[in-house]
Amino acid sequence: ADHTMRISHQFPPTHHTAVSLAQFEKEVEAATQGKVDVQIFGAAQLFKPNQNHPAVASGKIEAAAILSFQWGGTIPEMSVTIIPYLMTSVAKQKAFIGSEASKLLDAKMEARGVKNIAWIVDTNDGIFTSAKKPLAAPADFSGLKIRGLNKLFDAGLEAMGASPSAMPGSEVYQALQTGVLDAGFTGVKAAYSRKFYEIQKYGVASNIILAFDNLVVNPAWWKGLPADVRNAIQAAADRAVQRSIRNTDGVPPEDVRILNDNGMQTIALTKAQEKAMADAMQPAVKKEFLRATAPDGVRLLELIDRL
Amino acid sequence: MTIALLFAGLLLLLFTGLPIFAGLTLYGGALMLATQGEIGSVTEVIFGEINRYLLVAIPLFAFMAHVMIRGRIVDDLYNTAYTLTRHLPGGLGIATIAACTVFAAISGSSVATALTIGAVAIPQMIRFGYEPRFAYGLVAAGGTLGILIPPSGPMVLYGVTTDTSIGGLFMAGIVPGLLMAGVFVAWSMARTAITHRHVQRESRATLAEAAGAVRKALWAISLPVFVLGGMYAGIFTATEAAAAGAWLALLIAGLVYRSIRLRDVWDSAVDACRVSAMLFMIMAGASVFGHVLTKMRIPQQIVEAIIAADIGVAGFLIVMMALIFILGMFLESIAIILITTPVILPAMIHLEIDPIWYGVLLVINLELAQITPPVGMNLFTIKAITQAPIGEIVRGAAPYVLLMIGVMALVMIWPDIALWLPATMRGD
Amino acid sequence: MTRDARSPGPAEGRALRAFGRLVAALSGAAMALAAAALLVSLALIGWAVVMRYGFNAAPVWVDEVVGFALVAVVMLAAANALRRGEHIGVDLLAERLPASGRRWVRAWSALAAAAIALVLVFNGWDTAMLAKMLGLVTEGWLEWPTWQLMLFMPVGGLLLLLAAIEALWRALAGLPPPHEPSHGRANDDR
Ligand code: NA
Ligand code: NA
């Protein structure tokens, strides 16, 4: 092969993005008649999630798939998609990809030394899991010890009176089991694959956040590729994005059912319940977001409002 | 062939006697330079390896052990153990394995277990007339129970990497862990009966003697009870348990025994830092070597060859376990999980191998990795505690390599040893 | 190594003695910082548990700080560990060599440690500067600039380099190592 494209990511092999990237590998190698050798290093075997960015920017590998809110304080604007209930509908999601808002974020990543070539949807839902009572309304969160998502999202949990914990992910399962924590938050599919139903009695799911897995590449490498090769890679990346977009609103009923079948009493919030949660969480989260991102954050929120 | 040469090269380098951390990092860096044309990621990998909150359990448990030793809490503990077991062959050996088993229920790490129990037990076993080599091997092997008996750091990492139930893995480790402890006890009794005739065996302690001995060590015994209780009552996490244990040791030594001064606290912290720096530098070196192997796609190539050979479930498992055993001679458990598991998962799914069962086999194999030379973290831990020649420790641990392979074979032949308990808990 | 250490051997030159004192002072000070970092971690974790369990108010930054402290512990204590001969090697070969041969093993070991020290200094510096250029901050609540933590690597590397030079110098001069390993026994220096 003339070119090697080493892709690092953190997802377990069964995760839909890992599966989709395996498909991407086949498509790229076929479309370029083997001129590009795609090598995927999944499940954080080569770099830890927070090492992917410097590894790609410095050219130690050519590409990585990075969870959009993994950027944290490095690009705080990237966390706009996890402002609760802001842009999780199918319509907004579709309108966002390729929009001025997404281009603004592409530029932010470019300024940090990596070029984004795909907004692959990771999830547009989330589930609060708990042991004592379902967490369906803001008042239910009062006084709970909960493992949230990150600093930004946790501002919304604090606004509802919860006490968020920043414990490392690998300790969360046991902490929920023994009761060090009262409640947790994760993706609905992840609640099943990570077996949260074994340790938590209740689940409350809704389209609360949107998360992307951005496929980022080293800019110099990307520029140095022959145009036909670059186009073939971009086309395969675009197809990965198309595969990832959800086409119906709401939490997939089968994802809720399988949790119920496994003994976790799981409900999906109604529109009215979602609104109550949004009203409770959004102001605090937006405030925290703007604290870290103004003035670009203001513009970004305007752009997203208009989608 | 190339791959065999690769490992042989490292073996040769390490046998020249340079510090292990330097050997692993040098070799990994040289390989990176030769195959990638740069050493750019070396310190990135090292930083990622040592900047891990979960690892703080190791210095904290080391600190706890030193406080217990300097506070002379352990003397009482071992006098009690001696009183209770003095009529049995290998009595203190049994007590030491029991201590390892209890400590394994607190700690998720082999090194932390070997470090804590070893610092306490080895001088005491030698004091009571046991051959040093026997004590080294016993604690090196007993310490590995730390990752098989829950909680277990490697099980969490494997569970996260494969989306396997961490609770299920923990459950599945209990019976094999106790079986392993039982095998160690049986071996220790048999061996002492044959070779340690000089170790005095006295008459069984009377009930009054036993009660008196237990009363004397009550505070020391209460420490693991409080830590275990606090962990399962949801007061603190598995990592915080190390800090809880250290605080308890400080309180017992300071308030009950009144046997420790501020100077001792400081010296304990210095000792804990020194041994942790030594161990973490080796882990960092091993992760550099593992990183390069992954980047060269060596695990990938080996596993692809195994899958292509199409040798069925049993064949696949045996070959995989042999491969991990070899990797285990050179690498550390975290690196082994990260570089092998993602590559073999598709094959496991295809062959319908129960991921919990495989996880237990893997963890037993990772226990082996702790005591197989040239890179065995528990061997180094014992070395750090005792300053004994490494060959002496390796020889002491050698019988346990065979015993562990035996237990691994049993779990391979009868998966229910591992799977029965999680299935029962689920109500299947 | 033990026999070698006990033999009287040639006398220590003035330059070497002065250099040895400098290295001892620097690595001792670094070790004191490491021990303090460990004790602070112990205090912080204990406090976090009490706050979370007792007052339902978990401090969100403790785990992050403890992760940083661990980097400091390892990097600041590594040089002192080298001076005290605590960095373990496979001693099967050295055991079989006469005293003169062991000297060469010690020199080679010091050289290897110096090589890693140089990697920590230069590559560690580059890694830190890359992180600075990319504007990386730590994950979690503090969002601390990552490069500042990474500077522990070149700093630790520099200390390790000094200790390795001292070890090499002593080995070549036919002198015993500055310390016998003393783990688990009382600390006679810092
Ligand atoms: Na354990
Ligand atoms: Na090993």
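Per Stokes-Einstein, at 10 °C and 1.306 mPa s, what whole-number D in µm² s⁻¹ belongs to region A:113-190, with the Kirkwood radius over Cα pairs as the hydrodynamic radius? Write out the running numbers ahead of the final one.
Details: Rh = 13.6 Å.
Once the numbers are plugged in, D ends up at 117 µm²/s.
What order do C:55, B:63 take when sorted by accessible area (1.4 Å probe), most exposed first?
Numbers: C:55 135, B:63 0 Å².
Listed by decreasing accessible area, they come as C:55, B:63.
Roughly how crowded by other chains is peptide A:196-208, in terms of the mean Cβ count from those chains within 10 Å of each of its Cβ atoms?
For this peptide, the per-residue mean of nearby foreign Cβ atoms is 1.
Using 0.36 nm per residue, how much length does the chain from residue A:239 to residue A:273 gain when fully extended, once their Cα-Cα distance is taken away?
On the way: separation 34, 0.36 × 34 = 12.24 nm, distance 3.48 nm.
Using 0.36 nm per residue and subtracting the Cα-Cα distance, I get 8.8 nm.
In chain B, which longest range has no trypsin sites (Lys or Arg not before Pro) that are both DSSP loop (not H, G, I, E or B) and surrounded by at most 12 other Cβ atoms within 10 Å? Present the calculation step by step, with values, prior to reporting the outcome.
Numbers: sites that count: B:197, B:258.
So the longest stretch without any such site is B:1-196.
Could you please put A:275, A:48 in sequence from largest to smallest accessible area, using a 1.4 Å probe? Intermediate values should be presented prior to the final figure.
Details: A:275 120, A:48 65 Å².
These residues rank, largest area first, as A:275, A:48.
What's the FRET efficiency of residue B:87 with residue B:255 using the Cβ-Cβ distance as r and R₀ = 35 Å, to the nearest 0.05? All intermediate terms of the calculation are to be shown ahead of the outcome.
Details: r = 35 Å, r/R0 = 0.99.
It comes out at approximately 0.50.
Any idea which of C:134, C:79, C:45 is furthest toward the positive side of the dipole for chain C, if Lys and Arg beta-carbons carry +1 and Asp and Glu beta-carbons -1?
C:79
Name the residue from B:55, B:9, B:105 whose Cα lies farthest towards the positive end of the charge dipole of region B:1-139, charges +1 on Cβ of Lys and Arg and -1 on Cβ of Asp and Glu.
Value computed over the given set: B:105.
What is the dipole size for chain A, taken about its Cα centre, with +1 at each Lys and Arg Cβ and -1 at each Asp and Glu Cβ, in debye to the nearest 20?
260 debye
Mind ranking C:122, A:24 by accessible surface for me, highest first, 1.4 Å probe? Working shown, then result.
Numbers: C:122 135, A:24 0 Å².
Final ranking, largest accessible area leading: C:122, A:24.
Taking Cα centroids, how far is region B:301-358 from region B:246-271 in Å?
After rounding, the separation between the Cα centres reads 45 Å.
Provide the percentage of antiparallel DSSP beta bridges, counting only those with both residues in chain A; round to the nearest 5.
Values: 21 of 38 bridges.
Bridges in chain A that DSSP calls antiparallel: roughly 55 percent.
About the Cα centre, and with charges only on the beta carbon of Lys, Arg (+1) and Asp, Glu (-1), how big is the dipole of region C:17-173? Nearest 20 debye, please. Don't jump to the answer; show the numbers that get you there.
Numbers: 11 positive and 9 negative charges, 166 e Å.
With only Lys, Arg, Asp and Glu charged at Cβ, the dipole is about 800 debye.
Once you place label points 7 Å from the Cα toward the Cβ at residue A:247 and residue C:43, how far apart are they in nm?
Calculated label separation equals 6.1 nm.
For region C:17-173, what does the alpha-carbon gyration tensor say about shape, rounded, prolate or oblate, given a ≥ b ≥ c as the root eigenvalues, a/c under 1.5 as rounded, and a/b over b/c as prolate? Could the numbers behind the result be given before it?
Numbers: a/c = 2.79, a/b = 1.93, b/c = 1.45.
Prolate, because a/c is 1.5 or more and a/b exceeds b/c.
Assuming R0 = 56 Å, what is the FRET efficiency of residue B:211 and residue A:231, from their Cβ-Cβ distance, to the nearest 0.05?
Details: r = 83 Å, r/R0 = 1.48.
Efficiency at R0 = 56 Å is approximately 0.10.
Cα centroids of region B:1-63 and region C:53-119: how far apart, whole angstrom?
Spelled out, the Cα-based centre of one part sits 13 Å from the other.
Say each of residue B:352 and residue A:100 gets a label point 7 Å from the Cα, pointing the same way as Cα to Cβ; how far apart are those two points in nm?
5.7 nm
Using protein chains only and a probe of 1.4 angstrom, how many square angstrom of residue A:2 are accessible, to the nearest 10?
110 Å²
Taking both sides together, what accessible area is buried at the A/C interface, probe 1.4 Å, expressed in Å² and rounded to the nearest 100? Spell out each step's value before the answer.
Working: alone 13350 and 11910 Å², together 23560 Å².
The buried area between A and C, both sides summed, comes to about 1700 Å².
When ligands, DNA and RNA are left out and all protein chains stay put, how many square angstrom of accessible area per residue does region C:17-173 have with a 1.4 Å probe? Could the numbers behind the result be given before it?
On the way: 5990 Å² over 157 residues.
In whole numbers, region C:17-173 has 38 Å² accessible per residue.
Please compare each pair in A:103/A:145; A:145/A:275; A:115/A:151 to a cut-off of 30 Å on the Cα-Cα distance and tell me which ones are over it. Don't skip to the end; give the middle numbers.
Details: A:103/A:145 37 Å; A:145/A:275 23 Å; A:115/A:151 25 Å.
With Cα atoms farther than 30 Å apart: A:103/A:145.
Ignoring ligands and nucleic acids, what accessible area does residue B:357 show with a 1.4 Å probe (Å², nearest 10)?
The value for residue B:357 is about 30 Å².
Going Cα to Cα from residue C:132, which aspartates and glutamates come in below 18 Å? Please leave out same-chain ones fewer than 8 positions away.
A:110, B:44, C:143
Sort the protein assembly as shown into rounded, prolate or oblate with this rule: let a ≥ b ≥ c be the square roots of the eigenvalues of the Cα gyration tensor; rounded if a/c is under 1.5, and if a/c is not under 1.5, prolate when a/b is larger than b/c, oblate otherwise.
Prolate, because a/c is 1.5 or more and a/b exceeds b/c.
In deg cm²/dmol and to the nearest 500, what is the mean residue ellipticity at 222 nm of the protein assembly as shown if only DSSP H runs of at least 4 residues count, each as -39500 (n - 2.57), divided by the residue total? Working shown, then result.
Values: 41 runs with 608 residues, N = 925.
So the helix-based figure for the protein assembly as shown works out to -21500 deg cm²/dmol.
Note down the accessible area of residue B:330, probe 1.4 Å, to the nearest 10 Å².
Residue B:330 exposes around 10 Å² with every protein chain in place.
For every other residue with a beta carbon closer than 11 angstrom to the beta carbon of residue A:211, add +1 if it is Lys or Arg and -1 if Asp or Glu, then tell me the sum. List each step's numbers first, then the result.
Working: positive: none; negative: A:122, A:125, A:213.
Net charge around residue A:211: -3.
Measuring from centroid to centroid over Cα atoms, what is the spacing of region B:73-93 and region A:59-102 in Å?
Between the Cα centre of region B:73-93 and that of region A:59-102, the gap is 61 Å.
Just to be sure I understand the model, the point goes 7 Å from the Cα along the line to the Cβ. What's the resulting residue A:257 to residue B:329 distance in nm?
Distance between the two pseudo-spin positions: 5.3 nm.
Amide H neighbours of residue A:163 under 5 Å, at least 5 residues apart or on other chains, H built in the peptide plane: list them.
Close amide H contacts, sequence-distant or interchain: A:143, A:144, A:145, A:146.
With charges set only on the Cβ (+1 for Lys and Arg, -1 for Asp and Glu), what does the dipole of the protein assembly as shown come to about its Cα centre, in debye to the nearest 20? Please report the intermediate quantities before stating the final value.
Numbers: 70 positive and 67 negative charges, 444 e Å.
Here the size comes out at about 2140 debye.
For region B:42-426, compute the orientation-averaged projected area of the C-alpha convex hull (one quarter of its surface), in nm². Please list the in-between numbers first.
Working: hull surface 76.7 nm².
Mean shadow area of the hull around the Cα atoms is 19.2 nm².
Could you state the orientation-averaged shadow area of the convex hull built on the Cα atoms of chain A, in nm² to one decimal?
Numbers: hull surface 59.3 nm².
That works out to 14.8 nm².
The values are calculated or read from the model by the stated rules, or taken from the named source; none is laboratory data. Computed from a predicted model, the values in this text were never measured in an experiment. Using ideal geometry, Cβ is built from the backbone for each residue, glycine included, and neighbour counts are taken over all protein chains shown. Areas reflect the complete protein model, heavy atoms only, side chains present, ligands, DNA and RNA absent. Shrake-Rupley method; radii C 1.70, N 1.55, O 1.52, S 1.80 Å.
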